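Engineer: This is the structure I have questions about; it appears just below.
The values are calculated or read from the model by the stated rules, or taken from the named source; none is laboratory data. Everything quoted here is computed from the prediction, not taken from an experiment. Glycine gets a Cβ as well: all are built from the backbone with ideal geometry, and neighbour counts include every protein chain shown.
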Amino acid sequence: MNYDPRSAMINSEMGVFIESKGLGEALAQLIERDVQTANSWRVELDGDGELHWVNDTEVVTTQPARNWWQRVQDVFFKAVPKEYY
């Protein structure tokens, strides 16, 4: 159970049990494709303690976002103490 109050809005901890071998294998292939660096970011910490997001084509120093609304949410969650959300 996740008791962090932020998890009500931004929970990233999920699990699934799949009893079908075929469905499980198909889902595993999709997940493996999605987590490759061509489709995802890896977060690294440099020697100065700064975060870098890395994929197979670039390295950025700000958290990647899909759209402007995600940027707004990032600013909000950084600015507001976590006990308020």
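Engineer: Suppose we filter Thr37, Thr61, Thr57 for residues that are in contact with a Leu (Cβ under 8 Å, 6 or more places away or on another chain), modelled with pLDDT of 85 or more, surrounded by fewer than 12 Cβ atoms within 10 Å (Cβ to Cβ) and of a type in the set (S, T, N, Q); which single one remains?
Structural biologist: Thr61 is the lone residue from the list that is in contact with a Leu (Cβ under 8 Å, 6 or more places away or on another chain), modelled with pLDDT of 85 or more, surrounded by fewer than 12 Cβ atoms within 10 Å (Cβ to Cβ) and of a type in the set (S, T, N, Q).
Engineer: State which residue is modelled with the lowest pLDDT when the search covers only the stretch 5-24 and only residues that are surrounded by fewer than 11 Cβ atoms within 10 Å (Cβ to Cβ) and charged (D, E, K, R).
Structural biologist: My answer is Glu13.
Engineer: When you check Asn55 against the structure, is it touching a Ser or Thr at 6+ places or on another chain (Cβ under 8 Å) and over 23 Å from Gly15 (Cβ atoms), yes or no?
Structural biologist: yes
Engineer: Could you say whether any residue in the stretch 66-80 is aliphatic (A, V, I, L, M), modelled with pLDDT of 90 or more and not in a loop (DSSP other than H, G, I, E, B)?
Structural biologist: Scanning the stretch 66-80, I find at least one residue that is aliphatic (A, V, I, L, M), modelled with pLDDT of 90 or more and not in a loop (DSSP other than H, G, I, E, B), so the answer is yes.
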